[in-house]
Amino acid sequence: QVQLVESGGGLVQPGGSLRLSCAVSGIRFSSYTMKWYRQAPGKQRELVAEINSGGVTKYADSVKGRFTISRDNAKNMVSLQMNSLKPEDTAVYYCNAAWITGPYWGQGTQVTVSS
């Protein structure tokens, strides 16, 4: 059974930081490209960041220089460090795993950036 479980969301003031984590089980984690998506109310789900099996990363223009994706293959975890948060970063953030099988999704974690 494949499981992706996100954690680390919450309420933060503009300019603050949060670190999201996604614990993965049931797949050969090291082979999968891992992605973070987000969906704000009334908007389509958008790709925020991804990291492939070789550690190559890509980011949406809106988060470049502020967000950092990383993976720990020994712990089957992927993380998203979010700095300099803005109100427009408010969304539900989802972890995603894709390779030959999948994609698989987590249940999401809410991030709210507000003063």
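Accessible surface comparison of 47, 11, probe 1.4 Å, protein chains only, largest first: the order is 11, 47.
With contacts defined as alpha carbon pairs under 8 Å and 6 or more residues apart, what's the relative contact order of the range 1-91 in percent?
Relative contact order comes out at 32 percent.
Gain on full extension, evaluated as 0.36 nm per residue between residue 74 and residue 44 minus their Cα-Cα distance, stands at 7.5 nm. A 1.4 Å probe run over the protein chains yields, for the chain, 52 Å² of accessible area per residue, whole-number rounding.
The values are calculated or read from the model by the stated rules, or taken from the named source; none is laboratory data. Model, not experiment: these values are computed from the prediction. Side chains are part of the model used for accessible areas, which takes the heavy atoms of the whole protein and leaves out ligands, DNA and RNA. Shrake-Rupley method; radii C 1.70, N 1.55, O 1.52, S 1.80 Å.
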